Each structure stands twice: as C-alpha cells, then as structure tokens.
Amino acid sequence: MLEVEFDRGALARLRVAPGSDALWETVLSLQLLQDGREPLTYDPWRREVRRALHRAGLADDVRALMSLCPAEGYFPDFLTPGLGDLALEEAVDRVQSTPRHRLVAELARLCARSHGPVPRSVRWVATGESTALRWLGGTLRRYHAVAVAPYLSVIRARAGQDRARRAEAALTGGAE
C-alpha cells in the first residue's frame with residue numbers, strides 16, 4: 001500500500017492527475033505481474049502478458065527489470081519521473097538522463113531493503129553507463145508495448161472513473 005504524508009498546506013495544493021501516467025502504469029504492472037494479488041481479476045492478464053513477453057523474446061530482460069522494481073515495497077523514484085504529465089517517450093528520456101549520483105543513491109536504498117545480493121542488472125544500471133541506460137529505456141518501452149499499451153483503453157477508463165469519484169468526494173466532503 002502506498003502511504004503519503006502531508007505537511008501544512010499540502011492538502012490545499014493537492015491535485016488529481018488528468019489521467020494515467022505511462023511509467024507509473026508500467027512500474028505498477030511490473031509489480032502486479034510478480035505477485036499473486038487478486039487472482040480472479042489479474043491472473044488472466046498475467047498469463048497473457050507472460051506469454052506475450054516470451055513470444056517477444058523479452059522474458060529475460062523483464063526479469064532483470066523486475067529486480068529494479070520488486071513486487072512490493074520501495075522501487076527507485078527515478079523510474080517514475082513525471083507528475084502524471086509525461087508521455088512514454090518523454091518519461092523514458094527523463095529516466096535515461098537520471099544523474100549517476102541519483103541512480104546510485106536510489107539503487108542503494110533498494111538493495112538495502114532487499115537484504116539479498118545486489119542483482120547484476122541493478123549494479124549495471126547504477127554505473128550510469130549509456131549502454132545500461134539505453135537497455136533500461138529500451139526494456140521499459142518494449143515492456144510497456146506488451147503489458148500496458150494493449151490495455152490503455154481500460155486503464156484510461158478506470159483512471160477517469162477514479163478521478164470522478166475523487167472529485168465528487170472533494171465536492172461533497174471537502175478537503176478533509
């Protein structure tokens with residue numbers, strides 16, 4: 001579960017994104033693909049996506065990507081650089097231009113929480129080398145094309161429903 005804490009005045013500045021965010025959908029789908037939550041709802045999607053990843057030759061790269069984005073808990077913030085306003089290409093470009101010091105800091109935090117050996121893909125991305133960042137960007141794009149893009153109409157419809165529900169709650173119940 002995502003927990004957000006607000007300081008003074010933050011509630012007044014709260015905004016609801018106009019729609020879904022390409023990389024948030026990508027990262028959250030990676031988490032969903034790894035866990036078993038809500039099997040009646042998501043297992044058909046999981047099976048379909050896993051088959052599509054194998055057909056596309058992406059299974060190994062996506063497994064490596066999963067080490068950057070575990071099924072639950074912390075994942076590096078550089079994977080979701082926008083504020084709900086970035087298209088996929090712009091967002092991936094921003095990920096690929098993440099400064100090395102930020103890569104190192106956020107990946108160190110990820111590894112500290114996992115209490116296991118540092119996966120090779122994590123070490124490679126933390127170098128900030130252009131080949132590692134090109135791999136990361138390309139894998140995010142190709143994974144999105146297989147696991148998220150075919151479902152965008154449903155994702156957008158659900159995001160719109162959620163936005164309407166939150167707007168109604170704010171209108172009838174106030175900011176509190």
Inset, instruction - Take LEU53 and decide whether it is within 11 Å of the chain's Cα centre (by Cα), open to solvent by less than 20 Å² (accessible area, probe 1.4 Å) and at pLDDT 95 or above. - result: no
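Conditions (1) open to solvent by less than 30 Å² (accessible area, probe 1.4 Å); (2) among the β-branched types (Val, Ile, Thr); (3) within 26 Å of LEU11 (Cα to Cα), marked per residue:
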site: THR139; (1), (2), (3): yes, yes, no
site: TYR151; (1), (2), (3): no, no, no
site: ALA164; (1), (2), (3): no, no, yes
site: ALA167; (1), (2), (3): no, no, yes
site: ALA170; (1), (2), (3): no, no, yes
Inset, instruction - Evaluate the stretch 109-129: report whether one residue or more is among the basic types (Lys, Arg) and under 24 Å from LEU88 (Cα atoms). - result: no
Inset, instruction - Collect the residues in the stretch 56-89 that are assigned to a helix (DSSP H, G or I), under 17 Å from the mean Cα position of the chain (by Cα) and of a type in the set (A, V, I, L, M), keeping them in residue-number order. - result: VAL62, ALA64, LEU65, MET66, LEU68, LEU79, LEU88
Legend entry - Restricting the stretch 1-28 to residues that are open to solvent by 90 Å² or more (accessible area, probe 1.4 Å) and of a type in the set (D, E, K, R), the residue that is farthest from the chain's Cα centre (by Cα): ARG8
Inset, instruction - Give the stretch 29-50 a look and list any residue that's open to solvent by 80 Å² or more (accessible area, probe 1.4 Å) and either on the phi > 0 side of the Ramachandran plot or assigned to a loop (DSSP other than H, G, I, E, B) (or both), or say none. - result: ARG37, GLU38
Legend entry - Members of the stretch 9-28 found to be without any contact (Cβ under 8 Å) to a residue 24 or more places away in the chain and assigned to a helix (DSSP H, G or I), listed by number: ALA10, ARG13, LEU28
Inset, instruction - Tell me which residues, restricted to the stretch 90-121, are assigned to a helix (DSSP H, G or I) and touching a residue at least 40 places away in the same chain (Cβ under 8 Å). - result: ALA91, VAL92, ASP93, VAL95, GLN96, LEU110, ARG113, SER114, ARG120, SER121
Inset, instruction - Tell me, please, whether a residue that is within 21 Å of VAL146 (Cα to Cα), out of contact with any His (no Cβ under 9 Å at 6 or more places or on another chain), at pLDDT below 95 and not charged (D, E, K, R) can be found in the stretch 95-103. - result: no
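The values are calculated or read from the model by the stated rules, or taken from the named source; none is laboratory data. It should be emphasised that the depicted structure is a prediction, and the values quoted were computed from it without experimental measurement. Methodologically, a virtual Cβ is constructed for each residue, glycine included, from the backbone with ideal geometry; neighbour enumeration extends over all protein chains shown. All accessible areas refer to the heavy atoms of the entire protein, side chains included, with ligands and DNA or RNA removed. Shrake-Rupley method; radii C 1.70, N 1.55, O 1.52, S 1.80 Å.
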